[in-house]
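Okay, so here's the structure we're looking at.
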Amino acid sequence: MTTVLIIAAITIWLLCRPPRTEPGAGASADARARALRTPLVRLAGAVGISTRAGRLADRSAAGAEGERRTARRIAPLTSEGWVILHDRALPRGKANVDHLAISPTGTVLLPDTKRWSAKWRLRVVNGRLLHGSLDVTNRLRGVRHEARIVQQALGVPVTPLVLMDGAPLEGGELAVDGIRIVPADRACAVLRGLGRVPGQRRADDLANAAERLLPPYTKVRRG
């Protein structure tokens with residue numbers, strides 16, 4: 001019986017295996033989802049059994065789609081002289097940045113896509129970020145850490161920004177500990193506004209440095 005299940009799991013994995021992920025928006029999240037969906041996890045899903053790995057894979061896949069949606073939303077900025085990089089590895093550690101945006105004036109912004117359930121709204125209560133009744137304040141630690149590392153690498157201020165794809169925001173926009181949270185469909189307008197501030201280095205110098213210091217995450221991981 002065990003042998004039959006293993007053969008069935010491998011068959012499902014081979015038939016349903018997604019193509020290799022190429023660098024770009026959502027690439028590392030897609031890679032995480034693929035790694036989590038082992039043959040046994042796929043078999044469990046096929047027969048209706050929920051597993052922790054399967055749920056994590058679904059969450060990563062949803063995150064990848066959110067990042068691709070953000071990439072499409074902010075793509076028009078490139079025709080205005082912006083440099084936009086997606087899914088880049090940090091100079092140290094295992095983390096990645098979803099997007100890095102460098103304005104023509106040399107302002108560096110780090111938009112981080114969050115795709116959370118639209119069933120519950122986001123609000124700030126006593127300085128804490130709540131998604132419905134759940135305190136999710138600590139989920140902003142990652143974007144703050146990433147902005148700090150990129151700032152150290154490039155030697156210029158880096159402004160983190162959360163683009164919320166899904167959950168409605170109380171009042172239309174929020175801020176927690178200096179991190180601005182805006183609806184993802186306002187990404188271009190918000191980035192344009194922030195990008196008007198003159199930076200400390202030339203935009204082309206920053207773009208070259210970012211390309212060198214923050215390589216595509218999936219290429220780094222494959223190496």
Legend entry - Approximate spin-label separation residue 105-residue 144, in nm, with each point projected 7 Å along Cα-to-Cβ: 2.7 nm
Legend entry - Charge sum, other residues only, whose C-beta stays under 12 Å from residue 142's C-beta, Lys/Arg counted +1 and Asp/Glu -1: +3
Legend entry - Backbone N under 15 Å from the residue 204 label point (7 Å along Cα→Cβ), restricted to region 97-134: 104-106
Inset, instruction - Within 10 Å of each residue's Cβ, count the other Cβ atoms and sort 97, 136 from fewest upward. - result: 136, 97
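Please work out the FRET efficiency for the pair residue 50 and residue 212, using the Cβ-Cβ distance as r and a Förster radius of 35 Å; give the result to the nearest 0.05.
Details: r = 43 Å, r/R0 = 1.24.
Computed FRET efficiency for residue 50 and residue 212 comes out at 0.20.
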Inset, instruction - Calculate the spin-label point distance for residue 134 paired with residue 185, positioning each point 7 Å from the Cα along the beta-carbon direction, and give it in nanometres. - result: 2.3 nm
Inset, instruction - Give me the distance in nm between label points sitting 7 Å out from Cα along the Cα-to-Cβ direction at residue 94 and residue 72, one decimal. - result: 3.2 nm
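Around residue 75, under 14 Å between beta carbons, what's the net of Lys plus Arg minus Asp minus Glu among the other residues? Could the numbers behind the result be given before it?
Numbers: positive: 68, 69, 72, 73, 192; negative: 67, 80, 185.
The answer is +2.
Every read-out reported here was derived from the displayed coordinates using simple, explicitly stated rules and does not represent laboratory data. The shown structure was predicted, so the numbers you read here are calculated from the model rather than taken from an experiment. Note: ideal-geometry Cβ built from the backbone for every residue, glycine included; neighbour counts use all protein chains shown.
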